[in-house]
Each structure stands twice: as structure tokens, then as C-alpha cells.
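> Let me give you the structure first, and then I'll get to my questions.
Please treat every number below as a calculation from the coordinates, not as lab data. Predicted model, so just to flag it, every value in this text is computed and none were measured. Note that each Cβ is placed from the backbone with ideal geometry, even for glycine, and that neighbours are counted across all protein chains shown.
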Ligand code: MN
């Protein structure tokens, strides 16, 4: 039985950057629906029942064909949102020295990296999807995915920072102004979490 992460902060904790109404609907309606639907689908696939969500999403080709699309969308929604809600915090955090040095290996500084993420998320993604900071071939990279897909589908499990670019993530407060939403999202990023994920990925030898 897959469960949503417990939110480590209250719905209004990220105000004024991310508003309480958006947080509540996003977590209690959207994320709950992905989770419930994913659980119903997994029940129908015995070989998936003892797997974690990441393994399931990386093995969708083994699912019965009629369930594959559903598992991809609902499972992706479940997995991505757990990562997403955990990637935000009202606390002030900073990238660790190790993450910072990896950022500097590619960009001038963290702001330059976030600028690329901003431009990618608002300029290169058409329709609903996600922008990601990932670790790939030992270095950091910004990529996009459509719908509830993620870099997992390209066999990259090293998801460091997800940015939800579905309209439900920002439309209540920001309407069509997704550029402001992204800028404000950057102010609540949990860099401790992002750094921890990078350490974990390096430790697991998932740098490729
Ligand atoms: Mn969402």
C-alpha cells in the first residue's frame, strides 16, 4: 500500500510563495487521487506488490499492456508528488559544499543554475509536466518531462529537485504567470533534501 509522505509543514507554511489553498488542494485532492489510483492498479499486478514505486516505474514494460498507461500516469503522479512536497520547506536552507561544488562545475553559481531551470520550465515545456535537476553521468543537468513522466523513464533514478509545472500547481494564485510561480518556488526549495538526494545517488553509485 503506497502512502503519501506526511507533509513536514502546514499548508500555510510556504506563504506567501506558495499559498495555502493551492497546497491543500494539491496535496489533499491531486496527490491523494494519484495515490489511490496507483494503489488500485498495483493490486491488479501481483509482481509489483512488493516493489517500491521507483522500481515499478522503471519496469512498466513488465506490466500487463492494458494497465501500463494507468500505472505510468498514476504511479508517476504518486512518485513525483512525494518528491515534490518533500522538496519544499519554510526553513532557510543552502546547498551543502559538495552540492555547491557540483553546481559550480557546470554553472557560475546557484542563481545561474536556477536561471536555466527557470528558462527550461517556462520556455521549453509545452503543456503539463515537470522540470528537474538531475545527476547524470556524474554531473548535474536540467531536464523536462511531460505529463507525470520523469527521468526514471529514461532510466535515470537520480532525481534531485522536481518542479511541478502543471497548472494545478500555481493557477489559483499566479493564474497564467508561471514565471512568478517558478521564481517563488525557488525561495522555498529544501536544499538539505536536494543535497541529501545527491549524496544518496553518489553513494549508491547511481552517478551514470
Ligand atoms: Mn501536481
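> With the requirement that a residue be in contact with a helix residue (DSSP H, G or I) (Cβ under 7 Å, 6 or more places away or on another chain), away from the ligand (no atom under 16 Å from the Cβ), part of a helix (DSSP H, G or I) and over 24 Å from residue 8 (Cβ atoms), what does the range 154-208 give you?
Within the range 154-208, 179, 180 meet the criteria.
> I'd like the residue in the range 33-50 that is surrounded by 15 or more Cβ atoms within 10 Å (Cβ to Cβ) and out of contact with any helix residue (DSSP H, G or I) (no Cβ under 6 Å at 6 or more places or on another chain) and, out of all such residues, is nearest to residue 149 (Cα to Cα).
Looking at residues that are surrounded by 15 or more Cβ atoms within 10 Å (Cβ to Cβ) and out of contact with any helix residue (DSSP H, G or I) (no Cβ under 6 Å at 6 or more places or on another chain), I get 39.
> Filter the range 17-44 down to residues that are under 26 Å from residue 187 (Cβ atoms) and without any contact (Cβ under 8 Å) to a residue 24 or more places away in the chain and give me whichever is farthest from the ligand (Cβ to nearest atom).
So, considering only residues that are under 26 Å from residue 187 (Cβ atoms) and without any contact (Cβ under 8 Å) to a residue 24 or more places away in the chain, the one farthest from the ligand (Cβ to nearest atom) is 20.
> Still on this structure: Is it the case, given these coordinates, that residue 114 is farther than 15 Å from residue 186 by Cβ and surrounded by 15 or more Cβ atoms within 10 Å (Cβ to Cβ)?
No; evaluated as a whole, the condition is false for this residue.
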